[in-house]
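Below is one structure, written out as structure tokens, with a few remarks after it.
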Amino acid sequence: MKLVSFESAGKTGIGCVDDGGAVHDISGVPGMASDLVSLIARGDELLPKIEAAFGQGDLPVVEESRLLAPIPNPMRNIFCVGKNYHAHAEEFHKSGFDSTGGDTAIPEVPIIFTKATTSVIGPEDSIPASSDATNSVDYEGEFTVVIGKGGHRIPKDRAYDHVFGYLIVNDVTSRVIQKRHGQWVLGKSMDGFCPMGPWLVTADEVGEIGHLRLATRVNGELRQEASLQDLIFDVPTLIATISDCISLLPGDLIATGTPPGVGIGFSPPKFLKPGDEVTVTIDKLGSLHNPVH
Ligand code: MG
């Protein structure tokens, strides 16, 4: 099932999307939550109700709706993973923008950082590249895990029991600010630097993730293309690593890192500029499109 947050006639709501792309309002389902994080926390109870109502044709289509980020107001920062594809780790290490130190590009353990909740924007919202005075804004298409059932010290072999679903994040980054401050949070957390969407796809609809492919295009030009099989640290390892230190909560987001082909991988770098358009596509998760201003 594809779940969305939407705005229509000045009001926000949550819904599901059919195969034709139409948004159906789920607020009439008995006992329904008012936002997707609350729905996720009660997923075992609410998902069967939504599926039953959808199957019976009981969910009205929302006319004139605009999609928001599926989780427009996360409860806390988005967890992210640095250098998690072999080829991107090499590319970033050689770019001159890597402040993590060390002689080798490939990390021995996952590098975890976060993006501020206020960086989240939705599909078709503009990425505010002009707000970065250093003119070094880059894209990073990323497969992102949405946690369902929370947990502390989740073992790898139980990790998928805690996954509610998946969505696409563009981990937009100011490269100069990322490097200047050593720690990456500032360069990755500027307002509008976390496009998310277009919908949240439940884990049962996605199934096995290892064969999924990710592609990022800028103005139609293919920049990133990779399989999730190229991840250095897989989803169970990331869930186990983070939850070993921090209890994961329903609705938490883990952006799993980006493959090669980011702007700083080119010589000279290809930074985003006003007028550009970025599209991140992942099998079964759809396409996240954002203009740049
Ligand atoms: Mg990233």
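Please work out whether the range 149-225 counts as rounded, prolate or oblate from its C-alpha gyration tensor, where a ≥ b ≥ c are the square roots of the eigenvalues and a/c under 1.5 means rounded, while otherwise a/b larger than b/c means prolate and anything else oblate?
It is oblate, given that a/c is not under 1.5 and a/b is not larger than b/c.
For every helix of n ≥ 4 consecutive DSSP H residues, a contribution of -39,500 (n - 2.57) applies; sum these over the chain, divide by its total residues, and give [θ] at 222 nm rounded to the nearest 500 deg cm²/dmol.
-5000 deg cm²/dmol
With an 8 Å Cα cut-off and a minimum separation of 6 or more residues, compute the relative contact order for the chain in percent.
This gives 24 percent for the chain.
Would you list which lysines come within 20 Å of K149, measuring only between C-alpha atoms, while excluding same-chain residues fewer than 8 positions from it?
K2, K49
Can you tell me the FRET efficiency between A9 and I246 if r is taken as the Cβ-Cβ distance and R0 is 35 Å, rounded to the nearest 0.05?
FRET efficiency, A9 to I246: 0.35.
Output wanted: per-residue J couplings in Hz (rounded whole) for the range 280-290, from phi through Karplus 6.51 cos²θ - 1.76 cosθ + 1.60, θ = phi - 60°, x for Gly and Pro.
Result, rounded to whole Hz: 10, 10, 10, 3, 6, 10, x, 10, 9, 10, 9.
In whole percent, how big is the carbon plus sulfur part of the accessible area of the range 113-271, probe 1.4 Å, protein atoms only?
Summing carbon and sulfur atoms, their accessible area is 51 percent of the total for the range 113-271.
Under the classification rounded if a/c is under 1.5, otherwise prolate if a/b is larger than b/c and oblate if not, where does the range 78-291 fall, given a ≥ b ≥ c as square roots of the Cα gyration tensor eigenvalues?
prolate
Compute for the range 173-293: radius of gyration divided by Kirkwood radius, i.e. Rg/Rh, restricted to C-alpha atoms, rounded to two decimals.
That ratio is 0.96, to two decimals.
Can you work out the accessible area per residue across the range 1-74, with the rest of the protein chains kept in place, probe 1.4 Å, in square angstrom?
Roughly 50 Å² per residue, with all protein chains present.
Could you please report the charge total around Q224, scoring K, R as +1 and D, E as -1 over all other residues with beta-carbon less than 12 angstrom from its beta-carbon?
Spelling it out: positives minus negatives among the neighbours equals -4.
Highest mean first, how do 82-90, 244-252 rank when packing is the count of other Cβ atoms within 10 Å averaged over residues?
82-90, 244-252
For the pair R180 and A22, how long in nm is the line joining their label points, each one 7 Å along Cα→Cβ?
Distance between the two pseudo-spin positions: 5.0 nm.
Which whole-Hz ³J(HN,Hα) couplings does the range 115-129 yield from phi under the Karplus relation 6.51 cos²θ - 1.76 cosθ + 1.60, θ = phi - 60°, glycine and proline marked x?
10, 5, 4, 6, 7, 6, 9, x, x, 6, 6, 7, 7, x, 4
Among Q178, Q56, Q224, which one shows the biggest mean-square fluctuation in a GNM of the chain, springs joining Cα atoms closer than 10 Å?
Maximum among the listed residues: Q56.
Where the accessible area of the range 2-67 is counted over protein heavy atoms with a 1.4 Å probe, how much of it, in %, is carbon and sulfur?
Of the solvent-accessible surface of the range 2-67, carbon and sulfur hold 49 percent.
Running a GNM on the chain with Cα contacts under 10 Å, which residue among T100, T144, T202 ends up with the highest mean-square fluctuation?
Per the Cα network of the chain with a 10 Å cutoff, T100 tops the list.
Among residues other than I242 whose Cβ falls under 11 Å from its Cβ, what is the net charge (Lys/Arg +1, Asp/Glu -1)?
-1
Quick one: Debye curve from the C-alpha atoms of the range 2-67, no solvent, what's log10 I(q)/I(0) at q = 0.12 Å⁻¹?
-0.26
Among the lysines, which have Cα under 22 Å from the Cα of K94 when same-chain residues fewer than 8 positions away are ignored?
Within the straight-line cut-off, K94 pairs with K83, K179, K188, K270.
Pick out, from G10, L59, V29, the residue whose Cα sits farthest towards the positive end of the charge dipole of the range 2-67, with +1 on the Cβ of Lys and Arg and -1 on the Cβ of Asp and Glu.
G10
Between V109, V172, V235, find the one with the highest GNM mean-square fluctuation for the chain; connect C-alpha pairs within less than 10 Å.
V109
Over the range 78-291, with the other protein chains present, what is the accessible area per residue in square angstrom, probe 1.4 angstrom?
Result: 38 Å² per residue.
The values are calculated or read from the model by the stated rules, or taken from the named source; none is laboratory data. Worth saying up front: this structure is predicted, and the values here are computed from it rather than measured. For neighbour counting, all protein chains shown are included, and Cβ atoms are generated from backbone atoms with ideal geometry for every residue, glycine included. Ligands, DNA and RNA are stripped out before the accessible areas are found, and what is left, the full protein with its side chains, is counted by its heavy atoms. Shrake-Rupley method; radii C 1.70, N 1.55, O 1.52, S 1.80 Å.
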